[in-house]
1. For the pairs 93/126; 51/82; 31/91; 51/126, note any where the Cα-Cα span goes beyond 24 Å.
2. Hey, how many Å between the Cα centroid of region 29-59 and the Cα centroid of region 108-140?
3. Going by average Cβ neighbours within 10 Å, how do the peptides 71-77, 132-138, 120-126, 100-106 rank, with the highest at the top?
4. Starting from the Cα gyration tensor of region 64-143, take the square roots of the eigenvalues, sort them a ≥ b ≥ c, and report rounded, prolate or oblate (rounded when a/c is under 1.5, otherwise prolate if a/b is larger than b/c, else oblate).
5. Would you kindly state how much longer the chain becomes between residue 30 and residue 79 on full extension, computed as 0.36 nm times their sequence separation minus their alpha carbon distance, in nm to one decimal?
6. Can you give me the relative contact order of the chain as a percent, contacts being Cα pairs under 8 Å and 6 or more apart?
7. Hey, can you grab everything whose amide H is under 5 Å from the amide H of residue 140? Only 5+ residues off in sequence or another chain; H modelled, so Pro and N-termini drop out.
8. According to the Kirkwood expression over distinct Cα-Cα pairs, how big is the hydrodynamic radius of the chain, in Å?
Amino acid sequence: MQEIMQFAGNHTVLSLAWVVLLVMVIVTTVKGMFSKIKVISRGEATRLINKEDAIVVDTRGRDDFRQGHISGALNIQASEIKKGQFGELEKHKAAPVIVVCATGQSAQEAAAKLYAAGFTQVSVLKDGISGWSGENLPLVRGK
């Protein structure tokens with residue numbers, strides 16, 4: 001213990017950075033555990049799509065969407081969701097909704113907006129389309 005205190009005294013900035021990172025990891029973990037919006041794996045997403053008729057909402061731009069998207073996905077950009085413009089998604093409030101973006105990072109905010117708008121089963125695909133295509137899962141081109 002004395003060595004740790006000596007190290008912390010000699011390397012204050014490094015020690016503070018370590019403490020900040022530790023706190024951030026703990027906060028993120030706890031926040032994820034209690035969040036109403038779950039981050040799901042590709043296997044869970046496939047199960048929801050096939051067994052529970054989940055609706056996939058792709059929040060990427062139109063060009064990215066045309067280059068490859070999950071079959072049956074609706075392309076509703078994140079900016080439209082922020083404005084409350086859900087389009088044809090509005091009639092699927094009770095169905096499971098999987099929000100997808102390029103990497104799984106920006107979909108959280110759109111998913112939170114959908115949940116706040118009354119969609120009861122909202123999930124985010126872990127690693128987004130890049131993770132989906134990285135496992136050679138099928139993508140539809142065009143549209």
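1. Details: 93/126 22 Å; 51/82 29 Å; 31/91 30 Å; 51/126 19 Å.
Violating the 24 Å limit, Cα to Cα: 51/82; 31/91.
2. Rounded to whole Å, the Cα centres lie 6 Å apart.
3. Working: 71-77: 16.4, 132-138: 12.4, 120-126: 20.4, 100-106: 18.0.
Taking the mean over residues of other Cβ atoms within 10 Å, the ranking is 120-126, 100-106, 71-77, 132-138.
4. Values: a/c = 1.81, a/b = 1.58, b/c = 1.15.
Taking the square roots of the gyration eigenvalues as a ≥ b ≥ c, region 64-143 is prolate.
5. Details: separation 49, 0.36 × 49 = 17.64 nm, distance 2.79 nm.
Going from the current span to full extension adds 14.9 nm.
6. Numbers: 197 pairs, mean separation 38.2, N = 143.
Result for the chain is 27 percent.
7. Excluding prolines and chain starts, which carry no amide H, the hits are 69, 70, 71.
8. Values: mean 1/r = 0.0595 Å⁻¹.
When all Cα pairs of the chain are included, the Kirkwood radius is 16.8 Å.
A short reminder: the numbers here are calculations on the coordinates, not readings from a lab. It should be emphasised that the depicted structure is a prediction, and the values quoted were computed from it without experimental measurement. Every residue, glycine among them, receives a Cβ derived from its backbone with ideal geometry; neighbour counts consider all protein chains shown.
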